[in-house]
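Have a look at the structure below before the remarks.
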Amino acid sequence: MSLDTPTFTSFPPGFIWGSATAAAQIEGAAHEGGKEDSVWDAFARVPNAIINGDTPEVAVDHYHRFAGDVAIMKELGLDSYRFSTSWSRIKPGDREFNRTGLDFYSRLVDDLLEAGILPWLTLYHWDLPQAVEELGGWANRDTAFRFRDYAEGVYAVLGDRVGHWTTFNEPFCSALLGYGAGVHAPGRREPLAAIQAVHHHHLAHGLTVNRLRELGAQNLGVTYNLTNAIPADAADPVDLDAARRLDGMMNRIFLDPVLRGAYPADVADDLAAVGIQLSEIVHDGDLEIISAPIDFLGINHYHDDVVSGHPLEAGAIDPHLVENGRPLSSPFVGSEFLTFPSRGLPRTAMDWEVHPDGLRHLLVRLGHEYPNLPPLYMTENGAAYDDVVSPDGAVHDPERAAFILAHVTAVAEAIAEGADVRGYFVWSLLDNFEWAWGYDKRFGIVRVDYDTQERTIKDSGRAFAAVFAGRPAE
Ligand code: GBH
């Protein structure tokens, strides 16, 4: 089917329109109000870890400018704002909770509610307290229990006003890019630690879902970055096996424990082949905790992955294996030989291919593959492109606007084919600290001038807002 410019009439009543950010990418105030180092503050001090030597120290100063940022959300007409709380601002180590840190989020939530915007809270978007990393980080099982304690403290203060709770954003990145590939904080390249980290994120998720449920939370979920693993040559068994492996390490190693209560057997075999026994990491009873029912699944999707088991032709650059100009050791533990040939589609400034139909396909396919799939929310989708700032100050970003509208259309198509998708959050509200890429890549629908911190709604922000402007009030 095809749809013209999408409007709210293509979506079910009550569909949530929002935008997303993450604490370490926007807040700044990295050492104010009792906040201590996160792994990203520490990682930024490692020479060449982050492009241009950028750091999250100031970011877009949201910590001081949150009221103005809420006003921008209101101007855009957003239903909801997805943000994360910073563990290192709230409970930096094994000490007491930091009241000042909790107060910041409390004021943010009050402002959002006052503006009629639903707060959608993520407890963890990659910024582990450095003090917890020094105790072993996510490779240490104790971190899961520390996380539950932190989560409980946040819920105690915000549970009366925040209705939607996400435990983790993209544990793939935190575990496998952080502890396997080493391109994200804490920058470790230890395959065993990476798989331990995967499991301990799962355990922390399950412990937290169970605890917050006991305390009365009603909308609990988790967000994964999911992909379509597409064999470069669907007739080649080597490429088919590569696609199976990629699907295993990016999708099923996250979905299956939570939605089916088991790790995928083929992934366990691949790991055993490189000497990593899941059975030694997973304790009795863990999977029961991990598979506690959730109320929604958040999906972040930016691009498909065409994958091969063959080496690339000489001279070809594999964007998956280079980040910030550095060779990347693979995050795909046990499957490090995977390569990612191009199928020649247009690409964003991240070098990620543009293929909106992949999103439709992903959303529809998940419902077929997981019979007990909870309702879905697109918790991130968006694109990095260069903006054109005109002399009158207007910010033109036609490619980003087209990207967003095409992907919103793909969501509508998926819904028409039966996918139970209930919301779409664009990444990101603001230009921000793009992790290892520093301030070099802009994802915002609102431009931030990094010299003055001035905000300007881009054309893409107006185009996005036009999709749902005029929807009936709930
Ligand atoms: C999201 O992650 C983040 O949640 C957000 O904070 C970030 O700003 C935004 O996207 C834009 O980057 O094959 O090893 O190269 C990004 C999702 C998923 C992108 C995995 C890179 C390929 C991993 N990422 N993907 S690899």
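The values are calculated or read from the model by the stated rules, or taken from the named source; none is laboratory data. The structure presented is a predicted model; accordingly, all values stated were derived computationally and were not measured. Note that each Cβ is placed from the backbone with ideal geometry, even for glycine, and that neighbours are counted across all protein chains shown. The area values use the complete protein model at the heavy-atom level, side chains included, leaving out ligands, DNA and RNA. Shrake-Rupley method; radii C 1.70, N 1.55, O 1.52, S 1.80 Å.
Each Lys and Arg adds +1 at its Cβ and each Asp and Glu adds -1 at its Cβ; summed about the Cα centre, the chain shows a dipole of about 680 debye.
Only one residue of 332, 412, 77 has its Cα farthest out toward the positive end of the dipole of the stretch 8-468, where Lys and Arg carry +1 and Asp and Glu -1 on Cβ, and that residue is 77. Using alpha-carbon positions, what is the distance between the centroids of the stretch 402-474 and the stretch 246-294, in Å? Taking the Cα centre of each part, the stretch 402-474 and the stretch 246-294 sit 33 Å apart.
Expressed as a rounded percentage, what relative contact order does the stretch 383-474 have, with Cα pairs under 8 Å and six or more residues apart?
Details: 109 pairs, mean separation 28.8, N = 92.
So the answer I get is 31 percent.
For the stretch 30-107, just say rounded, prolate or oblate: build the C-alpha gyration tensor, square-root its eigenvalues into a ≥ b ≥ c, call rounded for a/c under 1.5, and beyond that prolate if a/b exceeds b/c, oblate if not. Write out the running numbers ahead of the final one.
Values: a/c = 2.52, a/b = 1.28, b/c = 1.97.
Oblate, since a/c reaches 1.5 and b/c is not below a/b.
Is the shape of the stretch 249-358 best called rounded, prolate or oblate, per the rule: a/c under 1.5 gives rounded, else a/b larger than b/c gives prolate, else oblate, with a ≥ b ≥ c the square roots of the Cα gyration tensor eigenvalues? Judged from the Cα gyration tensor, the stretch 249-358 comes out oblate (a/c at least 1.5, b/c at or above a/b).
Of the solvent-accessible surface of the chain, computed with a 1.4 Å probe and all protein chains present, 52% belongs to carbon and sulfur. A probe of 1.4 angstrom, applied to the heavy atoms of all protein chains, finds residue 266 with accessible area near 40 square angstrom. Taking amide H positions as modeled 1.01 Å from N, with prolines and chain starts lacking one, the residues under 5 Å from residue 328 and 5 or more places away or on another chain are 322, 323.
The candidates 203, 135, arranged from most to least accessible area with a 1.4 Å probe in the full protein assembly, appear as 135, 203.
DSSP beta bridges fully contained in the chain are about 20 percent antiparallel.
As a test of the formula, what do you get for the chain when each DSSP H run with n ≥ 4 contributes -39,500 (n - 2.57) and the sum is divided by the residue count, at 222 nm and rounded to the nearest 500 deg cm²/dmol? Walk me through the numbers on the way to the answer.
Numbers: 16 runs with 168 residues, N = 474.
Estimated from H runs of four or more residues: -10500 deg cm²/dmol.
Which whole-number percent gives the relative contact order of the stretch 313-418, counting Cα pairs below 8 Å spaced six or more residues apart? Show your work: numbers first, answer last.
Details: 78 pairs, mean separation 25.6, N = 106.
The value is 24 percent.
Here's the picture: charge each Lys and Arg Cβ at +1 and each Asp and Glu Cβ at -1 in the stretch 8-468, and of 219, 59, 185 the one pushed furthest to the positive end of that dipole is 219. A 1.4 Å probe, protein heavy atoms only, puts the accessible area of residue 87 near 0 Å². For every other residue with a beta carbon closer than 10 angstrom to the beta carbon of residue 26, add +1 if it is Lys or Arg and -1 if Asp or Glu, then tell me the sum. Net charge in that neighbourhood comes out at -3. Between the listed residues 293, 31, 276, the Cα displaced farthest toward the positive end of the dipole of the chain, a dipole computed from Cβ unit charges relative to the Cα centre, is found at 293.
Helix by helix through the chain, keep the DSSP H runs that span 18 Å or more along the axis on Cα and average at least -1.0 on Kyte-Doolittle, and give those back in order.
Values: long enough: 62-76 (20 Å, -0.18); 99-114 (22 Å, -0.25); 142-158 (24 Å, 0.00); 191-214 (35 Å, -0.12); 356-369 (20 Å, -0.39); 398-416 (27 Å, 1.03).
Taking the DSSP H segments of the chain (at least 18 Å long, mean hydropathy at least -1.0), we get 62-76, 99-114, 142-158, 191-214, 356-369, 398-416.
Taking every alpha-carbon pair under 8 Å whose residues sit at least 6 apart, the chain reaches a relative contact order of 18 percent. List the lysines whose alpha-carbon lies under 18 Å from that of residue 458, not counting same-chain residues fewer than 8 positions away? Residue 458 reaches 74, 441.
Please calculate how many Å² of accessible area the chain carries per residue, with a 1.4 Å probe and no DNA, RNA or ligand atoms counted. Write down the numbers at each step before the final one.
Working: 17200 Å² over 474 residues.
Accessible area per residue: 36 Å².
Other residues with beta-carbon under 13 Å from the beta-carbon of residue 141 carry, at +1 per Lys or Arg and -1 per Asp or Glu, a net charge of -1.
All other residues whose Cβ lies under 13 angstrom from that of residue 282 are scored, Lys and Arg at +1 and Asp and Glu at -1, for a net of -4.
Per-residue surface analysis assigns residue 35 an accessible area of about 20 Å², computed on protein heavy atoms at 1.4 Å probe radius. All distinct Cα pairs of the chain go into the 1/r average, and the inverse of that average, the Kirkwood radius, is 22.4 Å.
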